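The structure under discussion appears below in the form of structure tokens.
Nothing in this text is a laboratory measurement; each read-out follows from the coordinates by a stated rule. Model, not experiment: these values are computed from the prediction. When we count neighbours, we look across all protein chains shown, and the Cβ atoms used for this are built from the backbone with ideal geometry, even at glycine.
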Amino acid sequence: SQAVRPFSATSGTQTVTLFPGDGIGPEIAKSVQDIFKAAGVPIDWEIHTVSTKAVDKSGRLISQEAIDSVIRNKVGLKGPLATPIGKGHQSLNLTLRKALKLYANVRPCLSIPGFKTKYDDVDLVICRENTEGEYSGLEHEVVPGVVEALKVITKDASTRICQYAFEYAKDNGRKKVTVVHKANIMKMSDGLFLQCARDIAPGYPALEYEEILLDVAVMQLARDPHAYDVMVMPNLYGDIISDLCAGLIGGLGLTPSGNIGEDASVFEAVHGTAPDIAGKGLANPTALLLSSVMMLRHMKLTDFADRIERAALTTIANPTTRTKDLGGSASTSEFTNAICRALA
Amino acid sequence: AVQKPGDARERHVTVIPGDGVGEEIFDSISSIFKAACVPVKWDVYEIPPNATELPPQIIESLRKNGVGIKGVILTPIKDGHRSLNVMLRKQLDLFAHIIHVHTLPGIPTRHGDLDFVVIRENTEGEYSGMEHEVQPGVVESLKVITRTASLRIADYAFEYAFLNNRKKVTAVHKANIMKLCDGEFLKACREIAKKYPSIEYEEMIVDNTCMQLVAYPQKFDVMVMPNLYGNVVGNIGAGLVGSPAICPGGNVGANVAVFEQGARHAAADIANKNIANPTGELLAAVMMLRYINLPSFADRIQGAVEMVLSEGKVRTLDVGGTASTTDFTKAIIAHL
Ligand SMILES: Nc1ncnc2c1ncn2[C@@H]1O[C@H](COP(=O)(O)OP(=O)(O)OP(=O)(O)O)[C@@H](O)[C@H]1O
Ligand SMILES: Nc1ncnc2c1ncn2[C@@H]1O[C@H](COP(=O)(O)OP(=O)(O)OP(=O)(O)O)[C@@H](O)[C@H]1O
Ligand SMILES: [Mg+2]
Ligand SMILES: [Mg+2]
């Protein structure tokens, strides 16, 4: 196994792999680069493009060279990508997940001041197991008209994601970790997941620990999301709850996400390539910028993360510097410049 | 309506009060029914503590009466016996779970007025109970989807939409990942949809559905889905209308129907405190009255509930009030 390179704010400049992506990707990636420069973040970018054609026989869209770059740098930032339609392509997410062993999908959901939704002051983090569960891909037809799908839960993967959630909570000054399960019905599989969480919880006495059934969790989130802080759960529940939480704060266009792996971690905006506005200077870089803030926290460049996040949120809170999708009239570069000014 | 011979006879209804707040809520319902002179007779069955099987008399009674109301029987998490609620649905083949998600006057919500129906497959899917340990630390759980059950629930959903003058049916799935299982479910929905050209049919992936539900819940009408997604979507609905204790629900099979609060929770945390909200279970009992063809009693009770709530003076804790279960019950009786 590989030694993890230690991160520290004083170890000089670090290199990060950047995939600007397609559509509005290059515009919002440039915005992030500009803001990082203005903030003096000690990061060098190594830029790789992702092809829209297969680069090898297995249908991958990403070269080995690009994957090696992420593994070498340990960290990547990724814009939206258009996945070509048709068979024979392995989706980029799947390729990266396998190549980098990305086991945790982390999505913080933070209300954006200035973007009013039905829910105010949402501030929670979803940690989703990313490699097994209901997404095992093991399905078969027993007899015509009877189909089975296998959900697989392992002790190793469950321990790893729960461990990550507690570490994340500790590192980010969070108060509580809630494990979401359905172990009253799926006694063995979700029971195993729950047991792994229970085994880890005592190691973090400063954090409150709570177990909650999936149905109660979603009911509570739709009613009043303030009951939760950091939440950890198996794959499918994480998929559902992370999208639900994105809905609470205004949709996928504003939510950052991180994929944490054994070999490297990749941070990305969850929204699409927005071909309708690509190249017009209208894109809102917030989701990618907040993903890069997550990345900075992951790299323990916390001061830079806090400064950039604060500048971004104050800029959005001001109606005159918002982009069109948030009801303003600023262009991508006007918005970006406003954030740079707010950094000072 | 014209009285038919035999209409005035008393109907027997099987009751399983269940755990948590079940007793208190059933007390509330029975006193309201009594005050309204509803011609039903309750056949009440308690589940012995720590029972691991359903007492067979309960199943017999439900088969005989054809109709019942129930609360939630608590299931231990992890180790311990399987859910008696699931056993009941399986043994009586109550294949459809219906949750009517609607707002009520006088109960503030974030989203304004809502009115949609979640129809959930109630017998298979992730609730198959088939699990095994392949090797230490590796556990598999089987999700089972059958064409028969999928066709049956899809058919129920469209027929429900048709009879209730609803405009649209949304099938909720995750067929991009579970291609075979959820694919089979969608195939059944598409087949049935063709028979109902007047009803709009759409498909939506479950994660997107949940995102839409908390942002634009007004866009939903009738929703149909496999078991686990129904558990999730029905509970989001309960959260949207402000409390788990507002929406009524029912488990329907070919010959038997058992009604209960839409979001099925025992609420053990508030048991024996006289603070539970009986509305959801009461409206489920009202659904039951319509099912056994006593619509005027149903209207009268529902009207009383709505009057009490819209006056806003007597409300339970979960919806921002201070009234006890018994005060709320008395207020409803006073409005009958
Ligand atoms: N960063 C952004 N800034 C402004 N608008 C955006 C942004 N991202 C998405 N949008 C808008 O949201 C809508 C949906 O965009 P999205 O790219 O997800 O569409 P899509 O059709 O799913 O694209 P893809 O096929 O690449 O996933 C579009 O109208 C787009 O303009
Ligand atoms: N009829 C009701 N009136 C008031 N509150 C209710 C009612 N039904 C459910 N609730 C509330 O909804 C929440 C979820 O109920 P549920 O019984 O699932 O709780 P829980 O926390 O899972 O407890 P348990 O593990 O004992 O089931 C609880 O806070 C409960 O009090
Ligand atoms: Mg998703
Ligand atoms: Mg898209």
Can you give me the relative contact order of chain B as a percent, contacts being Cα pairs under 8 Å and 6 or more apart? 22 percent
Partnerless Cys - chain A, beta-carbon criterion under 4.7 Å: A:C127, A:C162, A:C196, A:C340
Sequence neighbours fewer than 8 away in the same chain don't count; with that in mind, list the aspartates and glutamates whose C-alpha is under 15 Å from B:K143. A:E132, A:E134, A:E139, A:E141, A:E148, A:D190, B:E121, B:E124, B:E126, B:E131, B:D182, B:E184
Return the percentage of antiparallel bridges among DSSP beta bridges fully within the protein assembly as shown, rounded to the nearest 5 %. 50 percent
Gyration tensor over alpha-carbon atoms, the protein assembly as shown, equivalent ellipsoid semi-axes in Å: 47, 27, 24
Determine by what factor the alpha-carbon radius of gyration of chain B differs from 2.2 N^0.38 Å, reporting the quotient. 0.99
Longer than 20 Å from Cα to Cα, which of B:K273/B:K330; A:K187/B:K273; A:K118/B:K174 are they? Say none if no pair is. A:K187/B:K273; A:K118/B:K174
Relative contact order of chain A: what whole-number percent is it, with Cα pairs under 8 angstrom and at least 6 residues apart? 23 percent
Evaluate the distance, in nm, between pseudo-label points positioned 7 Å from the Cα of B:D115 and of A:L138 along their respective Cα→Cβ axes. 4.8 nm
Quick calc, segment A:109-196, dipole around Cα centre from Cβ unit charges on Lys, Arg (+) and Asp, Glu (-), nearest 20 debye, gives 440 debye
How many lysine pairs are close in segment B:1-138, with Cα atoms under 25 Å apart and the two 8 or more places apart or on different chains? 11
Filter A:K78/A:K151; A:K151/B:K195; A:K170/A:K300 down to the pairs with a C-alpha to C-alpha distance above 24 Å, please. A:K78/A:K151; A:K151/B:K195
As a check on your grasp of the helix formula, calculate [θ] at 222 nm for chain B: sum -39500 (n - 2.57) over DSSP H runs of n ≥ 4, divide by the residue count, round to the nearest 500. -12000 deg cm²/dmol
Ratio of the Cα radius of gyration of segment B:271-336 to 2.2 N^0.38 Å, where N counts its residues: 1.11
Within a Cβ distance under 14 Å of A:L252, other residues only, what is the Lys/Arg minus Asp/Glu net charge? -4
Measure nothing fancy, just the Cα-based angle from helix B:22-35's long axis to the longest principal axis of chain B, in degrees from 0 to 90, nearest 10. 50 degrees
Scoring segment B:103-249 by relative contact order with C-alpha pairs under 8 Å, at least six apart, yields a percentage of 35 percent
Taking chain A as a Gaussian network, where each spring joins two C-alpha atoms under 10 Å apart, which residue of A:M233, A:M299, A:M188 fluctuates the most? A:M188
Apply the membrane-span-like helix rule to chain A: whole DSSP H runs, Cα extent along the own long axis of at least 20 Å, mean Kyte-Doolittle hydropathy at least 0.0. List the helices found. A:25-39, A:235-249, A:302-317
